[in-house]
1. Carbon and sulfur: what percent of the stretch 21-69's accessible surface (1.4 Å probe)?
2. Please compute the Kirkwood hydrodynamic radius of the stretch 162-301 from all pairs of different C-alpha atoms, in Å with one decimal.
3. Packing-wise, with mean Cβ within 10 Å as the measure, how do 55-63, 250-258 rank, highest first?
4. Please report, as a whole percent, how much of the solvent-accessible surface of the stretch 200-284 comes from carbon and sulfur atoms (probe radius 1.4 Å).
5. Calculate the spin-label point distance for MET1 paired with THR138, positioning each point 7 Å from the Cα along the beta-carbon direction, and give it in nanometres.
6. Gain in length, LEU196 to GLU253, computed as 0.36 nm per residue apart minus the alpha-carbon separation, to one decimal in nm?
7. How do the peptides 23-32, 238-247, 76-85 rank, highest first, by the average count of neighbouring beta carbon atoms within 10 Å per residue?
8. Using a probe radius of 1.4 Å on heavy atoms only, what accessible surface per residue do you get for the stretch 1-105? Whole Å² is fine.
Amino acid sequence: MNAELVDERIAELGRHVLDGGTLEKDDALFLFELENSADIHTLLSWGNRIREYFKGNKIHLCSIVNAKAGACSENCSFCSQSALYQTDTPRYGFVDPEPVAEAGEEANRNGVTAVGLVAAWRGLKEGPMLDEVCDRITEMKEQGQTRPDASLGLIESQEVANRLKEAGLECYGHNLESSERFFPEHCSTHSFADRLRTIEFLKNAGIKICSGGIIGMGESREDRCDLALSLREVGASVVPVNILNPIPGTPLENQEPLPPLEILKTIACFRFIMPTKEIMVAGGRTVNLRDLQCMIFQAGASALMVGNYLTTLNQPVEKDLQMLRDLGLDPDWEEFDEGEADGCGCGEKESCDTSGATETIETVTA
Ligand code: SF4
């Protein structure tokens with residue numbers, strides 16, 4: 001297809017999305033498979049238009065506090081918190097109320113909408129740990145304006161999801177991580193279906209879903225496309241896009257990084273597929289995009305994980321806020337009319353899912 005026809009097809013799909021249309025897989029895959037730099041820049045400009053149309057100039061911010069680190073029983077190959085890998089990641093048990101309260105206060109000061117309580121473990125069952133988690137959520141809720149969110153792994157029953165809702169939880173982070181086909185390539189201790197089941201329990205309890213994935217693990221473009229289509233299908237309100245930051249000691253420590261333009265293209269494709277959702281760039285942003293970080297908004301991102309990730313450092317919040325001001329974007333979520341934003345209100349998150357740790361990826365996954 002010549003350049004003119006490619007431009008026209010991208011524009012046609014962009015107009016279709018602006019008119020409220022839904023992308024079929026063939027159309028979505030066409031966008032994911034764009035190779036040429038000029039074509040990708042055309043795609044980014046449409047990603048920006050779609051973001052502006054559905055989200056205005058408001059950028060949703062969220063942060064996380066790692067409530068329990070390391071020694072996780074699962075074997076997610078991107079994660080430095082797995083007990084199976086030798087990494088430098090700190091290990092500690094479920095945190096006391098004070099650090100969680102401090103994280104909430106800092107988030108309030110920075111105008112961050114939500115703080116996600118993230119734990120590195122397989123998941124939550126009924127018992128004393130669930131009681132403790134519910135106490136922390138209720139305390140955060142009573143503390144101030146910042147909404148408590150959580151990313152606490154697999155949920156084993158509807159009762160657990162209902163308890164979280166009763167404690168005051170509004171949004172839960174649980175990434176699908178990758179396509180169903182690629183999932184067994186990076187994790188064998190639980191399945192894609194386990195993650196879908198957890199999301200189903202949460203939705204039944206009336207909890208909003210923050211769910212995204214990690215790119216750059218060796219998956220194909222079609223895997224990224226299928227991940228986005230699955231996220232659309234489960235109705236995620238917030239969609240964290242983490243980019244692998246290979247951590248020494250993990251199986252993916254030598255994984256070749258994705259080129260920045262490929263990352264920006266993926267963000268734009270996610271915007272085309274989920275035009276009204278919060279597409280949030282989370283772990284791996286600084287290390288993979290470097291000076292191109294500000295282009296995530298041109299690509300269609302409408303949310304940003306700020307503060308440190310689970311196991312890696314982010315740039316200072318002040319620098320992110322300055323970047324938004326320089327771009328004429330507004331991080332003040334509270335004044336935003338959610339309108340079409342479908343889901344949102346949820347906000348937040350990073351990618352987390354129970355598993356947490358993408359960050360390691362700089363990802364936030366739990
Ligand atoms: S991603 Fe989450 S579930 Fe997987 S090893 Fe890391 S902490 Fe455990």
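1. On the way: 790 of 1840 Å².
The C+S portion of the solvent-accessible surface of the stretch 21-69 is 43 percent.
2. 15.5
3. On the way: 55-63: 24.1, 250-258: 16.3.
Most protected by this proxy first, the peptides run 55-63, 250-258.
4. On the way: 1110 of 2280 Å².
C and S fraction of accessible area: 49 percent.
5. 5.6
6. 17.8 nm is the gain from fully extending LEU196 to GLU253.
7. Values: 23-32: 17.7, 238-247: 29.5, 76-85: 26.3.
With the highest mean Cβ count within 10 Å placed first, the list reads 238-247, 76-85, 23-32.
8. Details: 4910 Å² over 105 residues.
Per residue, the stretch 1-105 has an accessible area of 47 Å².
The values are calculated or read from the model by the stated rules, or taken from the named source; none is laboratory data. This one's a predicted model, so the numbers in the text were calculated from it and none came from an experiment. Cβ sites come from the backbone with ideal geometry, for glycine too, and all protein chains shown count toward neighbours. We work out accessible area using only protein heavy atoms, side chains counted, and drop any ligands, DNA or RNA first. Shrake-Rupley method; radii C 1.70, N 1.55, O 1.52, S 1.80 Å.
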